[in-house]
Amino acid sequence: MNNNNNDSGSKGWALGFGLIAGVAVGYYLNSNEGRAARRKAQVSFDEYGNQVSEYSTQLSTRANELADQAKVKGQEYLDTAKVKGQEYLDTAKVKGQEYVDTAKHQIASTKEKATTTAQTLKEDATDSANSVADSFKKGMDKAKNNIDDKADKIDDIVKA
């Protein structure tokens, strides 16, 4: 029974201390200095949001650059394949009908491979860009929700 009285007493002290701390925080946040601290926190949150947005834009720009580079590289492969294909065709004409059939087959294969490679590079770059954009959007949404939750808590404390 003695332990029960000690537990009730310590819970009472904890509750009393918690109430005093809550009143002190509420008073502080409602003071001029507290309002200044809230404004400063809001400015910091806004700056963080701007930095995240800027970084996301930079990543999106970089992803677009990579996609464009992949497209250019694919076009280079395609152009190279066309040049090589024409060389194969000219050689085939000189050497005979047998070589003509072989060269046409190699041209089609090389062109298909270059097109497939270019498409794969473009898809990979697009997937990477979308993944990065999705990840940053999720992070920005989470940060915004966190900021909104904290702002709601501050408003609740201020209203209390």
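Could you grab me the full set of residues in segment 29-56 that are basic (Lys, Arg) and outside any helix (DSSP H, G or I)?
Listed by number, the list is empty, since nothing qualifies.
Filter segment 101-125 down to the residues that are modelled with pLDDT of 85 or more and within 20 Å of the chain's Cα centre (by Cα) and list them by number.
Glu123 - this is the single residue of segment 101-125 that is modelled with pLDDT of 85 or more and within 20 Å of the chain's Cα centre (by Cα).
Scanning segment 119-138 for residues that are touching a helix residue (DSSP H, G or I) at 6+ places or on another chain (Cβ under 8 Å) and closer than 15 Å to Gln58 by Cβ, which turns out surrounded by the most Cβ atoms within 10 Å (Cβ to Cβ)?
Across segment 119-138, the extreme among qualifying residues is Ala129.
Go through segment 53-87 and report how many residues are surrounded by 16 or more Cβ atoms within 10 Å (Cβ to Cβ) and under 30 Å from Met140 (Cα atoms).
6
Do we find a residue being under 30 Å from Ala133 (Cβ atoms) and either within 33 Å of the chain's Cα centre (by Cα) or surrounded by 12 or more Cβ atoms within 10 Å (Cβ to Cβ) (or both) anywhere in segment 88-100?
So far as segment 88-100 goes, no, none of its residues is under 30 Å from Ala133 (Cβ atoms) and either within 33 Å of the chain's Cα centre (by Cα) or surrounded by 12 or more Cβ atoms within 10 Å (Cβ to Cβ) (or both).
Restricting the search to segment 29-40, which residues are without any contact (Cβ under 8 Å) to a residue 60 or more places away in the chain and within 28 Å of Lys142 (Cα to Cα)?
Gly34, Arg35, Ala36, Ala37, Arg39, Lys40
Which condition from (1) among the small types (Gly, Ala, Ser); (2) free of Cβ contacts under 8 Å to residues at least 12 places away in the same chain; (3) under 30 Å from Ser31 (Cα atoms) is the one that Ser109 breaks?
(3)
Looking at (1) exposed (fewer than 13 other Cβ atoms within 10 Å of the Cβ); (2) within 30 Å of Gln51 (Cβ to Cβ); (3) at pLDDT below 85, find the lone condition where Asp152 falls short.
That leaves (3) as the condition not met.
In the set Ser56, Ser31, Ser60, which member is over 28 Å from Ala133 (Cβ atoms) and of a type in the set (Ser, Thr, Tyr)?
Of Ser56, Ser31, Ser60, the one residue that is over 28 Å from Ala133 (Cβ atoms) and of a type in the set (Ser, Thr, Tyr) is Ser31.
Give Ala129, Ala114 a once-over and let me know the one that is of a type in the set (A, V, I, L, M), in contact with a Leu (Cβ under 6 Å, 6 or more places away or on another chain) and more than 30 Å from Leu19 (Cα to Cα).
One residue alone meets the criteria, Ala114.
The values are calculated or read from the model by the stated rules, or taken from the named source; none is laboratory data. Keep in mind it's a predicted model, so treat the numbers as computed, not measured. Because the Cβ atoms are built from the backbone with ideal geometry, glycine has one as well, and the counts that use them run over all protein chains shown.
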